[in-house]
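> For reference, the structure I am asking about is given below.
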Amino acid sequence: MIKKILDGKTCAECRLCCIFDRYDVWETPVFDESTKKKLESIRNAEFIKKDGGYIFKVKSFDENGLFTCPALDSKIGCILKDEKPFDCRIWPYRIMKVGNNRAITIANICDAMYNKPLSELVDFLKSGLASDIFKYADVHPEIVKPYDNSYPILLIEE
Ligand code: SF4
C-alpha cells in the first residue's frame, strides 16, 4: 500500500519493523483468523485474541532481548507476502487514538520514511491512504493503538 513512497527493496534490506524488543512489543501486528491459522500450523506461533483480531503471544526474547515475528524468514523475508496484516502493509504509518480522535502517526525507527519531507508524507496520506486506513479501522478497531508521544502526528481525522 505504500510502495509508491517506499520501495520494496529498501524494506527487504531492513526488516527492522519485523523485530521487537520489550519496549515495542506492543507494536506487533494484528492478524486475522486466516493468517493466524497459517502461522500456527507452519511456524508453531501462539496468539492472544485482541478485539476482532489476534496478536502474538510473546513468551520470551532471544539472547539480544529481541522477539522476531514468526512470519519472518531470514532468506525470503515475510512468508505471508500479499497476506501481510494491514498493520504491516501501512508501516511505518500507524493509526492511534489521540484523545477522542483517531490520528495517523509515523514510527521514527523507519529511517527511509522518517527522513522524507513532512509534506511528502502527508501528501501521500491525503492522496488516498488516510481514507483507506480510517475505513479499515472502522471495521477493525483493534488496529488502533493508544497514542505514543514518540510518534509524530501527521494527520488527524476530520
Ligand atoms: S507479518 Fe510479515 S511484515 Fe509483518 S511483522 Fe511479521 S514478518 Fe514482518
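All of the numbers you see were taken from the coordinates with simple rules; none came from a lab. Just so we're clear, the structure is a prediction, and the values are computed from it rather than from any experiment. Positions of Cβ are generated from backbone atoms using ideal geometry, with glycine treated the same way; all protein chains shown enter the neighbour counts.
> Treating cross-link reach as a plain straight distance, find the aspartates and glutamates whose alpha-carbon is under 14 Å from the alpha-carbon of residue 84, omitting any fewer than eight places away in the same chain.
Straight-distance partners of residue 84: 32, 33, 73.
> Sort the stretch 84-158 into rounded, prolate or oblate with this rule: let a ≥ b ≥ c be the square roots of the eigenvalues of the Cα gyration tensor; rounded if a/c is under 1.5, and if a/c is not under 1.5, prolate when a/b is larger than b/c, oblate otherwise.
Rounded is the answer for the stretch 84-158, as its axis ratio a/c remains below 1.5.
> Mind checking which of 31, 124, 56 has the largest fluctuation in a GNM of the chain, springs on alpha carbons under 10 Å?
124
> Just report the Cα centroid separation between the stretch 12-55 and the stretch 91-158, whole Å.
The stretch 12-55 and the stretch 91-158 have Cα centres spaced 20 Å from each other.
> Can I ask one more? Quick check: net charge around residue 57, other residues with Cβ under 12 Å of its Cβ, Lys/Arg +1 and Asp/Glu -1?
For residues surrounding residue 57, the net value is +2.
> Could you size up the charge dipole of the chain around its Cα centre, putting +1 on the beta carbon of Lys and Arg and -1 on that of Asp and Glu, and report it in debye to the nearest 20?
In debye, rounded to 20, the chain gives about 260.
> Please check: in the Gaussian network model of the chain (C-alpha springs, under 10 Å), which one of 109, 55, 90 has the largest mean-square fluctuation.
109
> With +1 on the Cβ of every Lys and Arg and -1 on the Cβ of every Asp and Glu, and nothing else charged, how large is the dipole of the stretch 8-82 about its Cα centre, in debye rounded to the nearest 20?
200
> Hey, another quick one. Return one number: the angle in degrees, 0 to 90 and rounded to the nearest 10, between the long axis of the Cα atoms of helix 130-139 and the longest principal axis of the Cα atoms of the chain.
Approximately 50 degrees, to the nearest ten.
> Calculate the dipole size of the stretch 89-156 relative to its Cα centre from +1 charges on Lys and Arg beta carbons and -1 charges on Asp and Glu beta carbons; express the result in debye to the nearest 20.
The dipole magnitude comes to about 100 debye.
> Anything over 30 Å Cα to Cα? Flag those among 3/75; 4/49; 57/116; 37/59; 9/37; 59/116, in the order listed.
Checking Cα-Cα distances, 4/49; 57/116; 59/116 exceed 30 Å.
> Once every DSSP H run of n ≥ 4 in the chain is given -39500 (n - 2.57) and the sum is divided by its residues, what mean residue ellipticity at 222 nm do you get, rounded to the nearest 500 deg cm²/dmol?
That comes out to -7000 deg cm²/dmol.
> Further question on the same structure: Full-extension gain between residue 97 and residue 57, please, as 0.36 nm times their residue separation minus the C-alpha to C-alpha distance.
12.1 nm
> Find the Cα radius of gyration of the chain, compare it with 2.2 N^0.38 Å by division, and give the number to two decimals.
1.02
> Using a Gaussian network model on the chain with a 10 Å cutoff between Cα atoms, which of 53, 65, 77 fluctuates the most?
The residue that fluctuates most here is 65.
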